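Novice: Please find one structure pasted underneath; my questions will follow.
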Amino acid sequence: MQKLKATLKKHLRSAKKTVFLGVGSDLRADDAAGLIVTGNLSRLFKNNPCFKSIFGSTSPENLTGEIKQFCPTHVLIIDSADLGKKAGYAEVVDLDNIHGTNLGTHRMSLKVMADYLTACLGCKVILLCIQPKTVAFGLKPSQEIKKSAQLLAKLIKDVFSA
């Protein structure tokens with residue numbers, strides 16, 4: 001987690017206004033990881049005008065207008081992805097390399113959306129991926145993902161508090 005914290009600090013050090021964009025499906029077990037982290041962040045940053053939590057679900061591209069209206073300097077996209085690691089493991093993934101990573105249930109490529117936001121706003125887009133245990137339809141998120149989501153939200157809060 002220390003390596004992840006250092007990576008996030010590097011990417012977010014100049015952040016003035018940040019959008020947390022949770023991506024995934026709450027119908028597919030751990031695919032909801034990004035939504036859970038975003039929910040935790042929403043509570044941790046409640047009433048802070050420098051942060052906005054947006055639940056993109058399976059169509060985050062439909063919320064680009066809301067993101068643009070907020071005019072963030074940074075967008076942190078949080079999604080589950082098969083990273084070939086232990087459930088709950090999280091890392092920042094280079095958006096230029098997501099073609100080799102299975103990024104779940106959303107329709108539009110997150111790379112395309114990130115490029116669009118960067119072109120429109122000049123903002124920095126960071127992708128934080130979380131390894132799911134299962135993405136089976138109809139199951140609830142695993143304990144590993146619930147625990148990881150709490151730890152990640154606290155870690156992100158600590159990054160901005162430093």
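Novice: Considering only segment 57-78, state which residues are surrounded by 15 or more Cβ atoms within 10 Å (Cβ to Cβ), over 16 Å from the mean Cα position of the chain (by Cα) and not basic (K, R).
Specialist: Residue satisfying the conditions is F70 alone.
Novice: Ok, one more. Can you find, within segment 25-55, the residue that is surrounded by the fewest Cβ atoms within 10 Å (Cβ to Cβ) among those that are in a helix (DSSP H, G or I) and hydroxyl-bearing (S, T, Y)?
Specialist: Here is the first cut: in segment 25-55, the ones in a helix (DSSP H, G or I) are 29-44.
If we keep only those that are hydroxyl-bearing (S, T, Y) as well, we get 38, 42.
Values: T38: 25, S42: 17.
Per the stated criteria, the residue is S42.
Condition check ((1) modelled with pLDDT of 95 or more; (2) closer than 20 Å to V19 by Cα; (3) crowded, with 18+ Cβ neighbours inside 10 Å) across all residues:
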| position | (1), (2), (3) |
| --- | --- |
| A90 | yes, yes, yes |
| G104 | no, no, yes |
| L110 | no, yes, yes |
| M113 | no, yes, yes |
| I126 | yes, yes, yes |
| T134 | yes, no, no |
| L139 | yes, no, no |
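Per-residue answers, yes or no, for (1) modelled with pLDDT of 95 or more; (2) over 21 Å from D82 (Cβ atoms); (3) within 14 Å of the chain's Cα centre (by Cα):
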site	(1), (2), (3)
F20	yes, yes, yes
D26	no, no, no
G34	yes, no, yes
G39	yes, yes, yes
R43	yes, yes, no
P49	yes, yes, no
S53	yes, yes, yes
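The values are calculated or read from the model by the stated rules, or taken from the named source; none is laboratory data. It should be emphasised that the depicted structure is a prediction, and the values quoted were computed from it without experimental measurement. Because the Cβ atoms are built from the backbone with ideal geometry, glycine has one as well, and the counts that use them run over all protein chains shown.
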